[in-house]
1. If a residue has to be modelled with pLDDT of 90 or more and among the aromatic types (F, W, Y) to count, how many in segment 130-142 make the cut?
2. Which condition number in (1) of a type in the set (V, I, T); (2) part of a loop (DSSP other than H, G, I, E, B); (3) modelled with pLDDT of 95 or more; (4) under 23 Å from D55 (Cβ atoms) is the one that T179 fails?
3. From the list F127, F109, pick out the single residue that is modelled with pLDDT of 95 or more and among the aromatic types (F, W, Y).
4. How many residues, within segment 84-140, are in a helix (DSSP H, G or I) and either hydrophobic (A, V, I, L, M, F, W, C) or surrounded by 14 or more Cβ atoms within 10 Å (Cβ to Cβ) (or both)?
5. Restricting segment 21-37 to residues that are among the aliphatic types (A, V, I, L, M) and touching a helix residue (DSSP H, G or I) at 6+ places or on another chain (Cβ under 8 Å), which is nearest to K100 (Cα to Cα)?
6. Scan (1) modelled with pLDDT of 85 or more; (2) not in a helix (DSSP H, G or I) for the single condition Y53 breaks and write down its number.
7. Taking R154 and the conditions (1) in a strand (DSSP E or B); (2) at pLDDT 95 or above, which numbered condition does it fall short on, given that it satisfies the others?
8. Out of the residues in segment 141-151 that are among the β-branched types (V, I, T) and part of a strand (DSSP E or B), state the one that is farthest from K56 (Cα to Cα).
Amino acid sequence: MRGITNYNSIQQYTESVKLPVGAYEVKIIRAEEQNDTLCILFDISDGEYKDFYMDKFNSDKKAYPDNAKFKGVLRLWYPNGGQYDESNEKRIKTTLERIKESNGLKTDFSKEWNGAVLKNCKVGMVFREQEYDYNGSQGMSVQPFQIITLEALREGKFTIPKPKYLNGSAPSSVTANSTEELPLDDDLPF
């Protein structure tokens with residue numbers, strides 16, 4: 001066996017836990033705009049996978065200090081004059097109203113557009129598998145799909161959607177666990 005001179009300073013590979021498809025209670029860390037997108041930063045707030053995204057981020061920071069990304073982000077696109085404007089508006093309104101209902105918020109989102117009111121709100125979130133092709137790597141990852149009320153979550157009144165494949169294609173033969181890389185922000189990469 002050959003010796004390695006920097007053995008004590010080499011990082012080991014770590015176990016990577018994959019979030020199962022399902023519905024979870026999440027807590028909103030913050031909400032802010034990035035370009036034409038409302039980004040809702042969240043983490044799982046209860047159960048076996050509590051703090052899943054923060055734990056993953058902290059683990060990645062140790063292994064890859066310059067490339068760690070916080071991946072608990074739900075992106076909602078603002079209308080931009082395109083063919084999906086009506087759908088995007090419905091998705092934003094539905095999300096905000098479900099957060100409002102789950103937390104007893106008195107905010108009138110037709111007049112008040114302050115993302116700070118969403119901080120620390122809890123809501124249900126449904127996750128599904130989604131195929132990706134990123135920098136030549138293909139596979140499946142578990143991604144946020146939609147917000148549901150806490151009541152719907154607790155009563156099991158939700159449906160887990162089928163996996164989403166690239167370009168409506170059939171499943172690829174490659175399956176791996178990965179999520180989209182996100183740019184860095186101040187306190188947490190966002």
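The values are calculated or read from the model by the stated rules, or taken from the named source; none is laboratory data. What you see is a predicted model, and the numbers here were worked out from it, not measured in a lab. For neighbour counting, all protein chains shown are included, and Cβ atoms are generated from backbone atoms with ideal geometry for every residue, glycine included.
1. Of the residues in that region, 1 qualify.
2. The number of the failed condition is (3).
3. Values: F109 fails: modelled with pLDDT of 95 or more.
Only one candidate qualifies: F127.
4. 18
5. Here the answer is I28.
6. (2)
7. Answer for R154: the failing condition is (1).
8. Applying the filter and picking the extreme gives I148.
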